[in-house]
Amino acid sequence: MNNELLTLFDIKDDIVESFTIDNIDTYYEINIRFKPSVVCCPHCGSIHFISKGTQKKRLVSTPINDQPVKIITHLKRYKCLDCTSYFSDTNPIAYENWSFTKVAIISILNKLKPYNATYASIARMFGVSTTRIIDVFDAFVRIKRHNFPKILLIDEFHFSRHTKYKYPAILMNFENNLIIDIIESRTHDIMKLI
């Protein structure tokens, strides 16, 4: 097995059962089959479970030689004989419910640091849509809001009738007429987040 390639993707050799890499036209495809790691049912704690095949999951990883990398992980699925629930091995290289590897998320956030970085250029680099890069940024970056001034102006304006909130709100400092923030709406559920 190619340990250097596994190290490149921050994957430990002892958890990998098999590993293949293919160069497909515009991207690299890596197939990884992980060794089973489940010792008991996560729902009831029983050790009586049977294998129900494998589950494939496609992940986006960091580019190699300016080509996107797609990793296909093969994780074992199980059925508990006591509580009849189904469960899978945990994916050691990705967060739950994310289609990016952990290394890819860190790489995306690092590439967004320069002031001239754009979501679109990074999306092209990783072979995904701009929206998915924005989702990563929104989920993992917390920007601290400014303090409110003594006198706060709240003004609404009509934005679009095709959006969920048709009237976004502008928060302004009354004393120097500087815009503090523009929020989706001045409804209670949005304002309590501020």
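The values are calculated or read from the model by the stated rules, or taken from the named source; none is laboratory data. The model shown is predicted, which means the values in this text are computed figures rather than measured ones. Please note: Cβ atoms are built from the backbone with ideal geometry, for glycine as well, and neighbour counts cover all protein chains shown.
Being within 26 Å of Thr130 (Cβ to Cβ) and modelled with pLDDT of 90 or more is not true of Ile24. Evaluating Cys80 against the criteria (1) surrounded by fewer than 19 Cβ atoms within 10 Å (Cβ to Cβ); (2) touching a residue at least 12 places away in the same chain (Cβ under 8 Å); (3) over 23 Å from Lys12 (Cα atoms) leaves one unmet condition, (1). So is Ile133 of a type outside the set (Asp, Glu), touching a Phe, Trp or Tyr at 6+ places or on another chain (Cβ under 7 Å), within 25 Å of Tyr28 (Cβ to Cβ) and not assigned by TED's automatic domain parsing to the domain that holds Arg58 or not? Yes. In the list Ala94, Ala104, which residue meets the criterion of being surrounded by 15 or more Cβ atoms within 10 Å (Cβ to Cβ) and either in contact with a Lys or Arg (Cβ under 9 Å, 6 or more places away or on another chain) or among the aromatic types (Phe, Trp, Tyr) (or both)? The unique qualifying residue is Ala94. Here Pro42 fulfils each of the conditions (1) assigned to a strand (DSSP E or B); (2) closer than 18 Å to Thr90 by Cα apart from (1).
The single condition among (1) under 20 Å from Gly53 (Cβ atoms); (2) loosely packed, with under 15 Cβ neighbours inside 10 Å; (3) among the polar types (S, T, N, Q) that Asn65 does not meet is (1).
Pairs meeting the criteria (first residue in region 120-133 and more than 11 Å from Phe100 (Cβ to Cβ) and without any contact (Cβ under 8 Å) to a residue 12 or more places away in the chain, second residue of a type in the set (A, V, I, L, M, F, W, C) and surrounded by fewer than 17 Cβ atoms within 10 Å (Cβ to Cβ), beta carbons under 6 Å, at least 6 apart or on different chains) are Thr130/Ala120. If you filter region 44-62 down to residues that are charged (D, E, K, R) and touching a Ser or Thr at 6+ places or on another chain (Cβ under 8 Å), you find that the one that is surrounded by the most Cβ atoms within 10 Å (Cβ to Cβ) is Lys57. I need the full set of residues from region 47-74 which are in contact with a strand residue (DSSP E or B) (Cβ under 8 Å, 6 or more places away or on another chain), modelled with pLDDT of 90 or more and hydrophobic (A, V, I, L, M, F, W, C), in order please. Result: Phe49, Ile50, Leu59, Val60, Val69, Ile71, Ile72.
Within region 156-166, the only residue that satisfies the criterion of being surrounded by 11 or more Cβ atoms within 10 Å (Cβ to Cβ) and at pLDDT 80 or above is Glu156.
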